[in-house]
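Student: Encoded as structure tokens, here's the structure I'll be asking about.
Please treat every number below as a calculation from the coordinates, not as lab data. Remember, it's a predicted structure, so these values are computed and weren't measured experimentally. Glycine gets a Cβ as well: all are built from the backbone with ideal geometry, and neighbour counts include every protein chain shown.
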Amino acid sequence: MVRVADLLALVSKFILKSTVELPEEKLIYYIATLKEIARMGGVSVKEQNFTNYLESSLGLSRELIQKADQLVNEKSLSMGELVAGIKEPEYRVCILRDAYLMARMDDKVDQSEWLALERLAGALGLSESLARKVINLVDDIIELHHEFEKLSKKSS
């Protein structure tokens, strides 16, 4: 089983800036974007657990989480509008990374999730090449995690 905490620790510390450094206003849009991606494909329990984990690890207050929920539920914002406030390229890449990692929580990314990820990459202004690299990076990290799990079971 892929543990979100392990994957996010690896990816955040060694690859890109930590989203913890984002100001609150941007974190609201960051989380709202992930919730919108999850909503598009139907929110699974594992995806909900992923967003809950992110919210708690980022130290978001109940008020900030409610603001993110309101953005998704009450306003009909486009994907571009959701990500417009996040200008820094490293955080734009992080959003795609986390959205794909969330989609992978079910072990399978379905067609609606792929379409949502493509829309997200386009809204973020990421080239198809860069988006593919981010997706491959997440796939590689998940594979490494599985390999480490096998090794640890053998050594036990």
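Student: Would you work out if the stretch 4-155 is rounded, prolate or oblate? Take a ≥ b ≥ c from the square roots of the eigenvalues of the alpha-carbon gyration tensor; rounded if a/c is under 1.5, else prolate when a/b is larger than b/c, oblate otherwise.
Tutor: Details: a/c = 1.55, a/b = 1.42, b/c = 1.10.
Cα axes put the stretch 4-155 in the prolate bin.
Student: What 222 nm value per residue comes from the helices of the chain, counting each DSSP H run with n ≥ 4 as -39,500 (n - 2.57) and dividing by all residues, nearest 500 deg cm²/dmol? Don't skip to the end; give the middle numbers.
Tutor: On the way: 8 runs with 117 residues, N = 156.
Here the helix-only value at 222 nm equals -24500 deg cm²/dmol.
Student: How would you rank 67-74, 27-34, highest first, on the average number of other Cβ atoms within 10 Å across their residues?
Tutor: Numbers: 67-74: 15.8, 27-34: 23.9.
Top of the packing list down: 27-34, 67-74.
Student: Same structure again: Highest mean first, how do 89-100, 110-121, 52-63 rank when packing is the count of other Cβ atoms within 10 Å averaged over residues? Kindly include the intermediate steps, with their values, before the conclusion.
Tutor: Numbers: 89-100: 21.0, 110-121: 16.7, 52-63: 13.9.
Output ranking for 89-100, 110-121, 52-63: 89-100, 110-121, 52-63.
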